[in-house]
Amino acid sequence: MKKLLSLSFLEIVYWKLFIPQPVAAQCPVCIVTVGGGMFLAQRLGVDDVLISIWISALNTAIAFYIADKLKIKNYKLKIIQNPWILSFLLFATTLIYFQTSGQLYHAQNQLLGIDKIIFGQTVGMISIFIGNFIYGFTKYKNNGHALFPYSKVIFPVGLVLIITLAFKFGFRL
């Protein structure tokens, strides 16, 4: 019996260490890393629009990750398995936090007549939505296969990066 147990333990170790495991495109480690980066950016004096774009992108990535996990576990409440609805819920709760903490609606913190945080949150969420749509469209056009490895991550994050740079240099933020 000991020999059987040690053999299965060695097999488990072998499979976990030497056989590649599938990974989630929007994994918790990536999410925590981006969140920590946003905190650091705010401390370094990066404009609120740029930070808000990435916070909203982070929220949307969290929503898509959670929705996938809830689908796997077959939760009865189907509405929270929809990543779009979860994205809007996280968007709303983030704005509620900013409102209750007094960070919204300052006269000097506006861009194009809209509060910078609300503007950035909206742009970030829409950017991830469009990036996910582009990924899905290219996958559909390529007979259900991704165009290249990690394209599920590169399309949304790349679009958010391009939009961030456009706002940074377009508005001199």
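No lab work stands behind these numbers, since they all come straight from the coordinates. Bear in mind that the values here come from a model prediction, so they are computed numbers and not experimental data. Cβ: placed from backbone, ideal geometry, glycine included. Neighbour counts: every protein chain shown.
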Sum of side-chain charges, Phe133 neighbourhood, beta-carbon under 14 Å (Lys, Arg +1; Asp, Glu -1): +3
Cut-off under 5 Å, modelled amide H: who pairs with Leu111 long-range: Lys116
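Could you give the dipole magnitude of segment 27-170 about its Cα centre, charging the beta-carbon of Lys and Arg +1 and that of Asp and Glu -1, in debye to the nearest 20?
Numbers: 11 positive and 4 negative charges, 125 e Å.
Dipole magnitude for segment 27-170 comes out near 600 debye.
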Any idea how far apart Phe129 and Leu104 come out in nm if each label point goes 7 Å out from Cα toward Cβ? 1.7 nm
